[in-house]
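Undergrad: One structure coming up, written as C-alpha cells, with questions to follow.
The values are calculated or read from the model by the stated rules, or taken from the named source; none is laboratory data. Since this is a predicted model, take the numbers as computed values, not measurements. All Cβ positions, even for glycine, are placed from backbone atoms using ideal geometry, and neighbour counts span all protein chains on display.
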There are 2 protein chains.
Amino acid sequence: MSRVVTERKDVIAMLAEIFREHGYDGASLSLITEKTGLGKGSLYHFFPGGKEEMAEAVLSDIAAWFRTHIFDALREGEDPAEAIEAMFAGVDSYFRQGRRLCLMGVIATSGGHDRFARDLNGYFTDWRTELAAALERAGAPTAECSALAEEIVGGIQGALILARSLDDPGAFGRVLSRLKARCLMAPAS
Amino acid sequence: MSRVVTERKDVIAMLAEIFREHGYDGASLSLITEKTGLGKGSLYHFFPGGKEEMAEAVLSDIAAWFRTHIFDALREGEDPAEAIEAMFAGVDSYFRQGRRLCLMGVIATSGGHDRFARDLNGYFTDWRTELAAALERAGAPTAECSALAEEIVGGIQGALILARSLDDPGAFGRVLSRLKARCLMAPAS
DNA sequence: GCATTTGTGTACCGATCGGTAAAGTGTTTA
DNA sequence: TAAACACTTTACCGATCGGTACACAAATGC
C-alpha cells in the first residue's frame, strides 16, 4: 500500500524545485542530498546516470504533465475557446501565480542547454502547435494563428522572468490576462 | 592612444558573452581564462573581487548601454512613436536577431540571482517605466500604458527564450514585430 | 637613468565538484 | 528460513572549483 519512504516520483518532484530554484549547474549534488534528505547512494540508486539523468527525468515528467493537462485539452476539447481559457488557468496555477519559474526556460538559459535541447524543442514546439490549432478551431484567422500562439507561449516565459526580476509575482497574472484577451479578440478580428 | 593589448572594457565585453553562453555558475574561471586568453593573475588584477565582481561589471555595463541607447531615447526623444520604433530596432540589433540571449534574463533564472537582484530589478523597472511614459506621450490611453509596457518588456524576454529553445532565431523577429504593432495600435484605440 | 605603476605567469591553497565502491539494513518472495 | 531484492550509509576517488601569493615583465613618470 502507501509507503512512508520516498518513491521515485516524489524525488523527481523535489528535484524539479531544486533545479528551478538553482539552475542546472547551481544544483550541486550536496545541495540535492541536503534538500531531498537522500544520500548519494539513494540518489544514484534511483538515477544511475547521475545528475544528468535526474534533470532528464524531471524534464520528461514536466513534459508529460503539460501534455496531459494542457496540450491534450487543447487538441481534444470540444470547445476550443474553453480549452484555451483552461490553459491560461492551468498555467497560472502551475506557475503559482508567477512565483515559480519554468524549468524549461531555466534550462534554456543554462549553459548546458545543448544536452537537453531535444526536450526544450519538443516542449515549445508542441505547445505552439497545439495552441495554434486550437486558436484556428476557435475561429482565429488561419494566417494569424501560428504567430499568435508563438507570441503567447513566449509571452508566458517572459512574464515569469519579469515577475521574478521585479520581485512582483502579480506581473505574471497581469500579462497573462492580456494574452488571454488577445485570444478572445482574435476570432472577432 | 589605441593599444593593442586588452583593456578592461574589452574584457567586460568578452565576459558578457561567456556569461550569456554558459550562465553564471557555468562560467568557470578556467573557461574564462581560456576564452579571454587572460590568466588568473590578469583577471584578478582587473576584478579583485573575483567572479562576482566580473558579473557585476558586466551587468552594470549592460545597464549603462540600455540606459544611453534605449531608455534615454524613450524619455528624451521628441517623437515618442519614433523613439519606440527605434527601441525595437535597437533591441533586434542588440540581441542579434534572436541569436543572443539577454544576460539579465539568464541571471534571473540563475540560482545566484539574489546576489544581483538589485541590478535585475533596476533594469526591468527602468525599461518598463520609460516605455510606459513614452507610450503615454505617444497617445496611448493612460490606463493602458503601464500594462502594455509590461507586456512588451516581458514579451521580448520570452521571445529570446523561445528563439533559443526552438533553435529558430526568426521567432524573435516575428514576436518583436507583433509587439511593435501593438504599440502603433494603442494610440488609435 | 631609475623607481613606480600596471599588468602577467606560475604555482599553490583548501573546498567542493560529480561520481564510485562496497558493506550494511531492511523488506519481499520462494 | 533463506535467498533475492530494494534501499541506505559511509568512505573514498580524481578533477575541478574559486581564490591567493608572489615573482616577474613591460610600460610609464620623473
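Undergrad: Return yes or no: is A:Cys145 in a helix (DSSP H, G or I), touching a residue at least 60 places away in the same chain (Cβ under 8 Å) and either more than 8 Å from every other protein chain (Cβ to nearest Cβ) or β-branched (Val, Ile, Thr) (or both)? Give the steps one after another, and end with the answer.
TA: On the way: in a helix (DSSP H, G or I): yes; touching a residue at least 60 places away in the same chain (Cβ under 8 Å): no; either more than 8 Å from every other protein chain (Cβ to nearest Cβ) or β-branched (Val, Ile, Thr) (or both): yes.
Taking the combined requirement at face value, the residue does not satisfy it.
Undergrad: Select from segment B:26-47 the residues that are within 7 Å of DNA strand D (Cβ to nearest atom) and of a type outside the set (Lys, Arg) and write down the one among them that is nearest to B:Arg164 (Cα to Cα).
TA: Initial filter on segment B:26-47 (within 7 Å of DNA strand D (Cβ to nearest atom)): B:27-31, B:40-41, B:44.
Filter once more, keeping what is of a type outside the set (Lys, Arg): B:27-31, B:41, B:44.
Working: B:Ala27: 19, B:Ser28: 22, B:Leu29: 25, B:Ser30: 25, B:Leu31: 22, B:Gly41: 35, B:Tyr44: 32 Å.
Out of the qualifying residues, it is B:Ala27.
Undergrad: Exactly one of (1) buried (at least 18 other Cβ atoms within 10 Å of the Cβ); (2) within 12 Å of chain B (Cβ to nearest Cβ); (3) part of a helix (DSSP H, G or I); (4) among the hydrophobic types (A, V, I, L, M, F, W, C) is unmet by A:Ala181. Its number?
TA: For A:Ala181, the exception is condition (1).
Undergrad: Can you list residue pairs whose Cβ atoms sit under 7 Å apart, with the first residue in segment A:96-108 being within 13 Å of A:Asp119 (Cα to Cα) and the second being at pLDDT below 95? Count only pairs 6 or more apart in sequence or on different chains.
TA: Matching pairs, first to second residue: A:Ile107/A:His113.
Undergrad: May I pose another question? Please find, within segment B:115-133, the residue that is nearest to the other protein chains (Cβ to nearest Cβ) out of those that are of a type in the set (A, V, I, L, M) and within 19 Å of the chain's Cα centre (by Cα).
TA: Of everything passing the filter in segment B:115-133, B:Leu120 is nearest to the other protein chains (Cβ to nearest Cβ).
Undergrad: Another question, if that's okay. So in segment B:5-23, with the set limited to residues that are modelled with pLDDT of 95 or more and within 14 Å of DNA strand C (Cβ to nearest atom), which one is farthest from B:Leu101 (Cα to Cα)?
TA: Here the answer is B:Val11.
Undergrad: Say whether the condition of being buried (at least 20 other Cβ atoms within 10 Å of the Cβ), within 16 Å of DNA strand C (Cβ to nearest atom) and under 26 Å from B:Arg164 (Cβ atoms) is met by at least one residue in segment A:115-137.
TA: yes
Undergrad: Same structure again: For segment B:53-114, which helices (runs of 4 or more DSSP H) that fit wholly inside it have 1 or more residues that are more than 14 Å from chain A (Cβ to nearest Cβ), surrounded by fewer than 20 Cβ atoms within 10 Å (Cβ to Cβ) and not small (Gly, Ala, Ser)? Talk me through it step by step, then tell me what you get.
TA: On the way: elements: B:72-76, B:80-94, B:103-108.
Because the criterion is at least 1 residues that are more than 14 Å from chain A (Cβ to nearest Cβ), surrounded by fewer than 20 Cβ atoms within 10 Å (Cβ to Cβ) and not small (Gly, Ala, Ser), the helices (runs of 4 or more DSSP H) in segment B:53-114 that meet it are B:72-76, B:80-94.
Undergrad: Turning to a different aspect of this structure: So in segment B:164-178, with the set limited to residues that are in contact (Cβ under 8 Å) with a residue 24 or more places away in the chain and facing chain A (nearest Cβ under 7 Å), which one is farthest from A:Leu148 (Cα to Cα)?
TA: Looking at the filtered set, the residue picked out is B:Arg164.
Undergrad: Scan segment A:150-163 and give yes if some residue there is at pLDDT 95 or above and more than 10 Å from chain B (Cβ to nearest Cβ), otherwise no. If you could, list the steps in order and put the result at the bottom.
TA: Taking segment A:150-163 first, the residues at pLDDT 95 or above are A:150-163.
In the following step, the residues that additionally are more than 10 Å from chain B (Cβ to nearest Cβ) were identified as none.
Looking through segment A:150-163, none of the residues is at pLDDT 95 or above and more than 10 Å from chain B (Cβ to nearest Cβ).
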